[in-house]
Amino acid sequence: MTRKQLFLNFKGGTGKTSLSSNYAYRLAEMGNRVLVIDLDSQGHATKCLGYEGEDFQKTLLEVLVKRVPLKDVIQQTNVPNLHFVPSNLTMSTVDLALMPMSGREFKLRNALKDVEPQYDFIIFDAPPSFGLLNLNALMAADDLIVPVLADFLSFHGLKLLFETVQSLEEDLGHVLDNVFIVVNSFNQTYKLAKEALAALKEHYPEYLLPQVIRQCTKFAQASSEGRPIFLADRYSKGALDIQGLIDEVLKRLAAAPQAAKVG
């Protein structure tokens, strides 16, 4: 069964895109069939995979608004089983275009139906905001992966996100199978970071993954250059930690694929 996983945090600057694109790349390297869907008009996930969003005429906008089949927008990467849907600045108009449509919350879920059987994982990289596009992604997702920084500002974003997820359950009847919180860019030499991590363990013990992504200069540099860390240095802290993240997520999915309902 295809796992649809959304990387989302309403707070910006958490390194969500670097994490999601490298997570997807490594899943493909491991032999999984993976589709990355870039939902951010800045096209950062597209760039992290080594491409420029402005080089593509079609994005998810054409799929959701103009009813172009999703298969006509999907692009191939240099990794045979890693595909992506690019994004560029035209995506900034999606929320406005969806507003008057009926069934607007389900456009992405419906668009995925024809291509889902071709993939083991579909990874959504979402902008740090709440609008109709992210609502579509939440309604299409099985799992929510929330990158956070080990600082106390992250708590406000988490509270808002969990309130949103709960309202989806109550108002639209969509229950996520899993929510995974992962601490990104962690520096254990900072007292504040260790205190924030301890607070996350106290407040979100059932959602917080034990694997943290350590602060890694090579990881940040590779992302800025549009290269997955597994190409730049697969033995770096960043690469090892993402592998650990994948292992932990897959272990939890295998143990209870439908058990960890959010509520």
* At a 1.4 Å probe radius, carbon and sulfur cover how many percent of the accessible area of the chain? -> 53 percent
* To do: Grab the Cα-Cα distance for residue 101 and residue 202, subtract it from 0.36 nm times how many residues apart they are, and report the gain in nm with one decimal.
  => 32.2 nm
* Determine, at each q value in 0.12, 0.15, 0.21, 0.22 (inverse angstroms), the log₁₀ of I(q)/I(0) that the Debye formula gives when each Cα of segment 1-108 is one equal point scatterer. => -0.41, -0.65, -1.24, -1.33
* Asked: Under the Karplus relation 6.51 cos²θ - 1.76 cosθ + 1.60, θ = phi - 60°, what is the ordered set of whole-Hz ³J(HN,Hα) values for segment 87-103, x standing for Gly and Pro?
  -> 9, 8, 4, 5, 5, 5, 9, 4, 4, 5, 5, 6, 3, x, 7, 7, x
* Asked: Please state the relative contact order of the chain as a whole percent: Cα pairs under 8 Å, 6+ residues apart?
  -> 25 percent
* Give a quick list of GluC sites (Glu not before Pro) in segment 139-221 that DSSP marks as loop, anything other than H, G, I, E or B, with at most 10 other Cβ atoms within 10 Å. => 206
* Residues with amide H under 5 Å from that of residue 145, placed H, sequence gap 5 or more -> 6, 7, 8, 180
* Alpha-carbon Rg with Dmax, taken over segment 113-260, Å -> 16.3, 49
* Given a cut-off of 28 Å, name the pairs among 66/251; 58/237; 16/251; 194/251; 113/159 whose C-alpha atoms lie farther apart than that in the structure shown. => 66/251; 58/237; 113/159
* Which labelled figure in [x] 27, 22, 17; [y] 27, 26, 24; [z] 30, 24, 19 is semi-axes √(5λ) of the Cα gyration tensor in Å, once derived from the coordinates -> [x]
* For segment 174-233, just run the numbers: alpha carbon Rg, then divide by 2.2 N^0.38 Å, N being how many residues it has. => 1.39
* To do: Write down the accessible area per residue of the chain in Å², having rolled a 1.4 Å probe over the full set of protein chains.
  => 44 Å²
* Structure fact -> With +1 at each Lys and Arg Cβ and -1 at each Asp and Glu Cβ, the charge dipole magnitude of the chain around its Cα centre, to the nearest 20 debye, comes out at 340 debye
* Asked: What order do 44, 203, 83, 156 take when sorted by accessible area (1.4 Å probe), most exposed first?
  -> 156, 203, 44, 83
* Grab every C-alpha pair in segment 41-180, bin the distances at 10 angstrom width from 0 up to the longest one, and report whole percents. => 10, 39, 38, 13, 0
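The values are calculated or read from the model by the stated rules, or taken from the named source; none is laboratory data. Everything numeric here is computed off the predicted structure, so don't read it as measured data. For neighbour counting, all protein chains shown are included, and Cβ atoms are generated from backbone atoms with ideal geometry for every residue, glycine included. Side chains included, ligands, DNA and RNA excluded: accessible areas come from the protein's heavy atoms. Shrake-Rupley method; radii C 1.70, N 1.55, O 1.52, S 1.80 Å.
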